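Report on the following structure.
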Amino acid sequence: MPPSITRREALRNSLAAAGAIAMISEWAMPALAQGEVDVPFTDLPANFNPGNSATTRQFDIRKINGLTVPKDQFFALQHFDRPQVDGATYKLKLTGLVNKPLELSLADLKAMKPVDLVAGYECSGNSPRAIQALSGCVKYTGVRLVDVLKRAGVQAKAREVVFLGTDHGSSDVVFRQQTFKLDQQFGRSIVLEDAMNPDPILAWNLNGEPLSREHGFPLRLVMPGWYGVCNVKWLSEIRVQKERYVGNYQARWYRTIRGVGGSGKDDGPDTQWIENEVTRLQLKSVIARVRKSGNAHNIMGFVLNDGTPLKSVEVSIDGGPWQKATMDPVNTKYSWKLFNYKWEGATPGDHTIVSRVTDIDGQVQPTADELARKRTFLEDNGQMPRKVKI
Ligand SMILES: Nc1nc2c(c(=O)[nH]1)N[C@H]1C(S)=C(S)[C@@H](COP(=O)(O)O)O[C@H]1N2
Ligand SMILES: [Mo]
């Protein structure tokens, strides 16, 4: 084989000849073929060690190896204790403005038409500080939410669909100057139109295996293209109602406050302060790994967004021009989107590399500076410069 062709490329070529290329991710190739080596990031905190604690599992994004993250590495977190639910006696309740209130067992749900959904998402509190360790992508299996709602029959006056978890605990519930310590169930809601969309599912499998306790056994909601918080775990009840749902984790904990308009100055009198609920994923790209392969360096990363098709992902090296990256053929509408950029002629020494994504609606991933007027820390989708030493 000519020396300029790496084993990876040779393998791709032979697979291409076999007609299988469309399914092969650059990331899924055998790790570290001969002559390949991962280039160290020099921007990692000294104590950087993403992993598993009693309450949180983080994922080291340098370890991405294909479109989905292994179940035992997929990030996990929640507000209260992780409840232990008995799958054998489990019942999902459908209540409120439905024609026929239901109690469905796991077997009842599994007897309906199952669908697979590859979903990439992150916690809305994910950030460069955590080296984006609260993100990932897995394949869920479940039943369409709309099919379950239709089975119960949604009444004409319904407007809102609320999802309640089994988990609960003491929460600060704020009313004007008062703070009540109240026991609250974890709950999230969506408007009826989003619930009737065919994409959201009620999932019992993750990567083809039953959900683990940490990921919401036995059943969770998956809202593809939305932030992690919307994917209610340990789902116990779906309540259909007319009123807006203003629970703690819907209307207060998960909001973003930012200044828009005006002169662009943070506290200018013409700044308008807007507040929004955390719902759909904000357009974001992240560089996850740099791998030396022969004489070239492969910059690999991922995009998270709400499923809007992408126009481009670009990479800039040391402040140079934006260069187009290649999207991985294994990406799907709601997966994270893996990308590669072949960096030719990298010189020994320190370098700063950054990616940015643009979608077909013309939305461009903001720089950290452009997010300066966002006062709250959630929804940090800013460009993330990375430092490497060649
Ligand atoms: N019932 C319940 N569901 C929950 C939460 C929770 O506290 N309780 N936390 C949410 C948050 S903030 C995130 S980021 C995701 C994480 O999902 P994962 O643990 O499967 O990665 O779960 C969401 N679903
Ligand atoms: Mo989250």
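Every number here is computed from the coordinates shown, using simple stated rules; none is lab data. The structure displayed is predicted, hence computed values, not measured ones. Cβ coordinates were reconstructed from backbone atoms using ideal geometry, including for glycine residues, and neighbour counts include every protein chain displayed.
Test of understanding: extend the Cα→C-beta vector of Thr56 to 7 Å, then name every residue of the stretch 202-225 with backbone N under 20 Å from that spot. Label zone hits: 213-216.
Whole-Hz Karplus values for the stretch 357-366 come out as 10, 10, 9, 6, 7, x, 6, 10, 4, x Hz, taken residue by residue from phi with 6.51 cos²θ - 1.76 cosθ + 1.60 and θ = phi - 60°; glycine and proline positions read x.
How much mean residue ellipticity at 222 nm does the chain get from its helices, if each DSSP H run of length 4 or more adds -39500 (n - 2.57) and you divide by all residues, to the nearest 500 deg cm²/dmol?
Numbers: 4 runs with 28 residues, N = 390.
Result for the chain, helices only: -2000 deg cm²/dmol.
Give the value in nm², to one decimal: projected area of the alpha carbon convex hull of the stretch 71-258, averaged over all directions. Let's see the in-between values first.
Values: hull surface 46.3 nm².
Reported value for the Cα convex hull: 11.6 nm².
Projecting the Cα positions of Thr55, Gly262, Gly216 onto the charge dipole of the chain (unit charges on Cβ atoms of Lys, Arg, Asp and Glu, taken about the Cα centre) puts Gly216 furthest along the positive direction.
Compared with the dominant Cα axis of the chain, that is its longest principal axis, helix 7-17 is turned about 70°. Modelled label positions at Asn276 and Val260, each set 7 Å beyond Cα in the direction of Cβ, lie 0.6 nm from each other.
A Cβ-based charge dipole, computed about the Cα centre of the stretch 71-258 with Lys and Arg at +1 and Asp and Glu at -1, lands at about 500 debye. What lysines sit close enough to Lys333 to cross-link, taking a C-alpha to C-alpha distance under 22 Å and skipping anything fewer than 8 places away on the same chain? Partners found: Lys71, Lys113, Lys139, Lys284, Lys311, Lys324.
For the chain, modelled as a GNM with alpha-carbon contacts under 10 angstrom, which of Leu97, Leu206, Leu281 fluctuates the most? Judging by the Gaussian network model, the answer is Leu97.
Using Cα pairs closer than 8 Å and at least 6 residues apart in sequence, work out the relative contact order for the stretch 198-287, in percent. Before the final figure, lay out the partial values.
Working: 110 pairs, mean separation 18.1, N = 90.
It rounds to 20 percent for the stretch 198-287.
Listed by chain and number, the aspartates and glutamates placed with their C-alpha closer than 12 angstrom to that of Lys181 are Asp172; residues fewer than eight positions away on the same chain are left out. When Rg and the Kirkwood Rh are both derived from Cα coordinates, the Rg/Rh ratio for the chain amounts to 0.99.
Within the listed set Ala195, Ala33, Ala130, the residue fluctuating most in the Gaussian network model of the chain (springs between alpha-carbon atoms under 10 angstrom) is Ala33. The three principal axes of the Cα atoms in the stretch 301-390 give end-to-end lengths of 38, 36, 19 Å, sorted in falling order. Listed by chain and number, the aspartates and glutamates whose C-alpha is less than 17 Å from the C-alpha of Lys63, apart from same-chain residues fewer than 8 away, are Glu26, Glu36, Asp38, Asp43, Asp72, Glu122, Asp328. Treating r as the C-beta distance of Ser25 and Ala107 and R0 as 45 Å, the FRET efficiency rounds to 0.80. A simple count of charges around Asp361, restricted to other residues whose Cβ falls under 13 Å of its Cβ and scoring Lys, Arg +1 and Asp, Glu -1, yields 0.
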